[in-house]
Each structure stands twice: as C-alpha cells, then as structure tokens.
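Engineer: Below you will find the structure I want to go over with you.
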Amino acid sequence: MENSNVKTLAPKKVNVSLKQYGMVLALIAVYLIFAAITGGKNLAPMAVNNIIMQNGYVIILAVGMLLCVLTGNVDLGIGSVVATCGAVAGTLIVDYGVSSPVAMLSALVVGAMFGAFAGFFVSKLEIPPFIVTLATMLMGRGICYVILQAQTKGPLPADYTWVSTGFLPTVKVGADAAGKGGVDLICLAVAAVIAVLVVLGDMRSVAQSKKNGLPVPYTWQIVLKDVLIIGVESFFFYKLGCYNGIPIMLVLVAIVVAIYHFITTQTVAGRQIYAMGGNAKAARLSGINTKKVFFWVYANMGLLCGLAGIVLSARNASATPKAGDGLEMDAIASCYIGGAATSGGVGTVVGAVVGAFIMGVLNIGMSLAGFDTNVQKIVKGAVLLGAVTVDLLSKRKKS
C-alpha cells in the first residue's frame, strides 16, 4: 500500500528578472518624463504614430546590428550603405523610369553586395570588422555622392513612398459626421490579441517550468508584469487607433522582428552566433564554422541596410546624399541600451527593439521640448555611455 503521507513538493518560487524587464521600465520612465517636460505633447496620437514612422528604419538596423554585436563587433558602415541603397532606388526611378518594385529589389541587392563585401574581408581575410566597416562607411558615402552627383532625387512615386507613409484599412467607431475622431476597431482588436498572447505565453511558461521541476516566478509578479506590458501595448494601439490606424511601417517592422527573434532563439544559426560571442575559440573547437557565421552576419546586415534604405527614402519621398548620416550610432546605441554586452554573446532582439524605442522616444521628446540638435546629441551620447557603464560595472561586481 502506498504511503499516503508522501506529499508533492511545491515548486520553488523565484523573483521575476528585473534585468529582463528593466529596459521596459526605463522606456516608460523616459516617456513619462518627456510627457511632463512637453506638457503631454508626446502623448498625442500623432506623436505616438511618429515614433514608428520616424524610427522604423532604426529598429530594422538595430535588429541587424544585434547579430554583429553578439559576435563582439559592430558595423560602422550601415549609415553610408543605407544612403547608397536609397540613392540606387531613387536614381533608377527618377532618371530611368524603373518601376518601384524593381527599384526596391535593386536596393536590396546592392545592400546585400555591400554586406557580402564586408563579410568576405572579415571572414576570409580575417581583417578586424572595425577596419572593414570603417572602409565601407567611407566608400559607401563616396559611392552615394557619385550616384546622386550631390543632388536630391525626387519626388518618388506614391507606390514607393507607401511603404513608409501608408496605413492599413480602418474601421472607425465613434467618429463624427465629418468622419473625424473615433477609434479604429482593428487597432483595438490587435491590442486584445496581443494581450491574450502575453497571458497565454506566461501560463505556458509556468506550466512548462512546473513540469520540469524548475522554479517559477511569484504569481503576483507575473500578474504585475503582464498588467504593465498589456497596459503599454494597449495605450500604444489606442493612440494609433485615434490617428490613422496601423502604419504599414509597423507591419514591416513587426515581420522583421518576428523573423529575427525566431532565428536567434530557435535555430542552429542563432545559437552559433551566441556561442561565438561567448567564446570564439571554444566555438571553433566545437566544430562551428566561425568564418561562415561571420560572413552571413555581415551579409545579412547589408541586406537589412537595403531594406532600411528603401524605408528611409520612402519616408523622405526622395534620395539625398546626406541620408543615413549617424544611423550607425543610433543602431549601436539601441543594442547596448537594450542590454547587449559589449563583449558579445549577450543580447536579444526584443531588447534591441526596446532600445530603439528608447532612442525614438528621446528623439521625439527632445524635438517637442525644443532641444537644440547639438544638445540632443549630448543627451544620446550620455545615455549610450551610461548603458555601457552600467553593464560593465555589473559584470565586475559579479566577478
């Protein structure tokens, strides 16, 4: 007869990782600070919409830059490559009458070629990425000026600019007789779906941890975290619904983020990148072809530069020689602010996206507050330095 006194042990309880969600709290804090400074101007539906419209290409570049950062390196040439890709598309459309889809495809090809060029020197010839990408930064900007002949090519057609200025169809409720006001039902529906997925994801995670005998977070902490996340995304989509609905830019960014989140968390290629960043020598001895990984990481960065070049030129409705100036700093800062380690091997796509949103909120907030552009650079530089300093000091404390 079985012993009826045997009791099933309750799973061990642990605290929710503050480091994992600290950047979300920082994003909320920065947003609220600028809400107070600007008198609530950044809470307006148009301002929320502009965070996506003006920073979508930064998010795309930050996702690609994360893969470089995970290997312990960066790509300094992305701003110039973005400008060159936009210049190629703009010149083909304006000067040669090429259709928008062909021009977009050409921009992607040019970006991939830049990436493969950098990847070859980094992987095959083992030249430090810093030197290679510094060269592509100079070469790319020069090529951009040669293509455009120091002129602006535009205006670009509506079917091209639609990528950055278009919106999904809306179903407005509560609008007045003139069609103004109201909220888009599609935005509310998307917000509800995301809320359900957040809750179901946590329930699945807790159930999996209990099944494997792993510790689970305290229930009240899970509930508080979910309320915070759902509150943020509901506010975001409500404001979009009060404006023109969901931007095409947001859909494009969401697809890119989803693809690269899957790659970094669920594929062998993603695990190889993390292994290289953690210990390149050990990764090589374990059988990972580090040269191949380096090549595709930089080729991929070039491809995403092509996509960002399309988005940026579509946003400006023209291709300009100065386009993309300083974008490499925004992308690198987004990764480090989002929790990526300077030594490589640590970082997530979601963290890079949150970091990019922080940069976007800073840009929008300082512009609405009337900060001088030079002061904006000082603030962004200080934020980047602070994020890296906190990361390094925390590592030293642990060691």
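Engineer: Among ARG315, ARG204, which comes first, then next, by fewest other beta-carbon atoms within 10 Å? Don't jump to the answer; show the numbers that get you there.
Structural biologist: Values: ARG315 19, ARG204 10.
Going from least to most buried by this count: ARG204, ARG315.
Engineer: Now for a different question. If we count other beta carbons within 10 Å of each Cβ, what is the order of CYS305, CYS335, CYS85, CYS187, fewest first? Please report the intermediate quantities before stating the final value.
Structural biologist: Values: CYS305 38, CYS335 30, CYS85 35, CYS187 25.
If I rank by nearby Cβ atoms, fewest first, I get CYS187, CYS335, CYS85, CYS305.
Engineer: Rounded, prolate or oblate: which one fits region 109-234, using the alpha carbon gyration tensor with axes a ≥ b ≥ c (rounded when a/c is under 1.5, else prolate when a/b beats b/c, else oblate)?
Structural biologist: Details: a/c = 3.98, a/b = 1.32, b/c = 3.00.
Because a/c hits 1.5 or more and a/b fails to exceed b/c, region 109-234 counts as oblate.
Engineer: Would you work out the Kirkwood radius for the chain? I mean one over the mean of 1/r across all pairs of different Cα atoms, in Å.
Structural biologist: 22.7
Engineer: Of the candidates LEU185, LEU108, LEU304, which one comes out as most mobile in a Gaussian network treatment of the chain with C-alpha springs shorter than 10 Å?
Structural biologist: Greatest mean-square fluctuation among the candidates belongs to LEU185.
Engineer: Work out, step by step, the length gained on full extension between GLN376 and VAL198: first 0.36 nm times the residue separation, then minus their alpha carbon distance; give nm to one decimal. Show your work: numbers first, answer last.
Structural biologist: Values: separation 178, 0.36 × 178 = 64.08 nm, distance 3.47 nm.
Taking GLN376 through VAL198 to full extension adds about 60.6 nm, to one decimal.
Engineer: Going by the alpha-carbon gyration tensor, a ≥ b ≥ c the square roots of its eigenvalues, is region 168-246 rounded (a/c under 1.5) or, if a/c is not under 1.5, prolate (a/b greater than b/c) versus oblate?
Structural biologist: Details: a/c = 5.19, a/b = 3.25, b/c = 1.60.
Cα axes put region 168-246 in the prolate bin.
Engineer: Right, here's the next one. Quick test of the membrane-span-like rule: which DSSP H helices of the chain reach at least 18 Å along their long axis (C-alpha atoms) with mean Kyte hydropathy at least -1.0?
Structural biologist: On the way: long enough: 18-37 (28 Å, 1.93); 56-70 (22 Å, 2.73); 78-96 (26 Å, 1.54); 100-123 (34 Å, 1.80); 129-148 (28 Å, 1.73); 185-211 (39 Å, 1.54); 219-242 (34 Å, 1.07); 248-266 (27 Å, 2.17); 290-316 (39 Å, 0.87); 349-368 (28 Å, 2.09); 373-398 (38 Å, 0.26).
Helices passing the filter in the chain: 18-37, 56-70, 78-96, 100-123, 129-148, 185-211, 219-242, 248-266, 290-316, 349-368, 373-398.
Engineer: Here is a follow-up. What is the sum of charges, Lys and Arg at +1 and Asp and Glu at -1, for the other residues whose Cβ falls under 14 Å from the Cβ of ASP184?
Structural biologist: On the way: positive: LYS172, LYS180, LYS239; negative: none.
Computed value for this residue: +3.
Engineer: Moving on to the next point. Could you pull out every residue, at least 5 positions away or on a different chain, whose amide H is within less than 5 Å of the one on LEU76? Hs are placed 1.01 Å off N in the peptide plane, and Pro or chain starts have none.
Structural biologist: Long-range HN contacts for LEU76: THR133, LEU134.
Engineer: Order of THR320, THR267 from fewest to most other C-beta atoms within 10 Å? Provide the component values of the computation, followed by the final result.
Structural biologist: Details: THR320 21, THR267 11.
Ordered by Cβ neighbours within 10 Å, fewest first: THR267, THR320.
Engineer: Taking 25 Å as R0, compute the FRET efficiency from the Cβ-Cβ separation of THR389 and LEU134 and round it to 0.05.
Structural biologist: Values: r = 24 Å, r/R0 = 0.97.
Rounded to the nearest 0.05, the efficiency is 0.55.
Engineer: When only C-alpha pairs under 8 Å and at least 6 residues apart count, what is the relative contact order of the chain, in percent? Before the final figure, lay out each step's value.
Structural biologist: Details: 644 pairs, mean separation 138.8, N = 399.
Worked out over the chain, it gives 35 percent.
Engineer: Let me have the 222 nm mean residue ellipticity of the chain computed from DSSP H runs of 4+ only, each contributing -39500 (n - 2.57), with the sum over all residues rounded to the nearest 500. Can you show the working numbers first?
Structural biologist: On the way: 16 runs with 286 residues, N = 399.
Here the helix-only value at 222 nm equals -24000 deg cm²/dmol.
Read the figures in this text as sums done on the coordinates, not as results from a lab. From a predicted model like this one, the values you see are computed outputs, not experimental measurements. Counting neighbours? That spans all protein chains shown, and the Cβs are built from the backbone with ideal geometry, glycine included.
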